[in-house]
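Note sheet for the following structure.
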Amino acid sequence: MRKWRRRCLGGLSGSIVEIGFGSGRNLPFYPSEVTKVTAVEPPGMMREMASERIAATTISVEWGGLDGQHLDLNDASFDAAVVTFSLCTIPDAEGALRELRRVVRPGGELRVLEHGSAPDESVRKWQHRFNGIEQVLAGGCQLTKDPVKLVRDTGWKVTSLVQGYEPGPKPWAYFTCLHAV
């Protein structure tokens, strides 16, 4: 996933809000021009797992809430927003994307890296078959969400889009990296 993370986060600068911060896997891939990351993640094991990565970075990281669908953050207060491998699990992904629109300054960017609905009908059929099991085994993750449609439907304009399969079982291996304003 390194090349996908580099592609997603390359060129960012300033203050970033990241929904689904998890264990901080994106931290090593943020450019040096990023000065602060406000991490949105419920308390628990992921925050504990992130502590080592946070200690190893020069970027200021602060916790900025528990729920990406309801951000307790000021309007237009971030240069960009990042969501990686989280839209698939957020119950109201559209609400989260609208909240990011609210807290990112005018002209600021959204960066998304997700797996999701594949272009091939035969793969999509398998994604739909496995979707219920995936939700149970992977904390609500859905294989069938279309990240590009979600982003566009919430008022963001996609400016860069790269999609493709990676090695592995195809229902889980179709990825999208997009930049939007």
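Values quoted throughout were computed directly from the atomic coordinates according to the rules given, and no laboratory measurement underlies them. On a predicted model such as this, the values are computed, not experimentally measured, just so you know. Reconstructed Cβ throughout: ideal geometry from the backbone, glycine too, with neighbour counts over all protein chains shown.
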ask   = Where does the charge balance sit around Glu166 when Lys and Arg score +1, Asp and Glu -1, over other residues with C-beta under 13 Å from its C-beta?
value = +4
task = Among Phe78, Pro106, His128, flag the residue with its Cα farthest along the positive direction of the charge dipole of the range 2-180, charges on Cβ as +1 for Lys/Arg and -1 for Asp/Glu.
result = His128
task = Report the charge-dipole magnitude of the chain in Debye, nearest 20, computed about the Cα centre from +1 at each Lys and Arg Cβ and -1 at each Asp and Glu Cβ.
result = 580
query = Dipole of the range 78-144, Cα-centred, from +1 at each Lys and Arg C-beta and -1 at each Asp and Glu C-beta, to the nearest 20 debye?
reply = 80
ask   = How about the range 1-104: which GluC sites (Glu not before Pro) there are in a DSSP loop, with at most 16 other Cβ atoms within 10 Å of their Cβ?
value = Glu33
message = Could you list Asp146, Asp79, Asp92 so that the one with the fewest beta carbons within 10 Å of its beta carbon is first and the one with the most is last?
response = Asp92, Asp146, Asp79
note = the chain: relative contact order from alpha carbon pairs under 8 Å, six or more residues apart, as a whole percent, is 20
key: Ranking of Leu27, Leu66, Leu87 by count of other Cβ atoms within 10 Å, fewest first   = Leu66, Leu27, Leu87
query = Taking the Cβ of Cys141 as the center, what net charge do the other residues with Cβ under 12 Å away carry, scoring Lys and Arg +1 and Asp and Glu -1?
reply = -1
message = Order these by the 10 Å Cβ neighbour count, fewest first: Lys145, Lys36, Lys157.
response = Lys157, Lys36, Lys145
note = Here the gain from full extension of Val181 to Met1, 0.36 nm per residue of separation minus their alpha-carbon distance, amounts to 62.4 nm
note = Between Lys170 and Glu52, the two model label points (7 Å from Cα along the beta-carbon direction) sit apart by a distance in nm of 3.7
ask   = What nm value, rounded to one decimal, do you get for the distance between Gln163 and Lys36 when each label is placed 7 Å out toward the C-beta?
value = 3.6
Gain in span if fully extended, Leu73 to Lys149, counting 0.36 nm per residue against the direct Cα distance = 24.8 nm
query = Simple spin-label model, 7 Å along Cα-to-Cβ: Arg25 to Leu66 in nm?
reply = 2.4
remark   = antiparallel share of DSSP beta bridges within the range 2-180, to nearest 5, in %, is 40
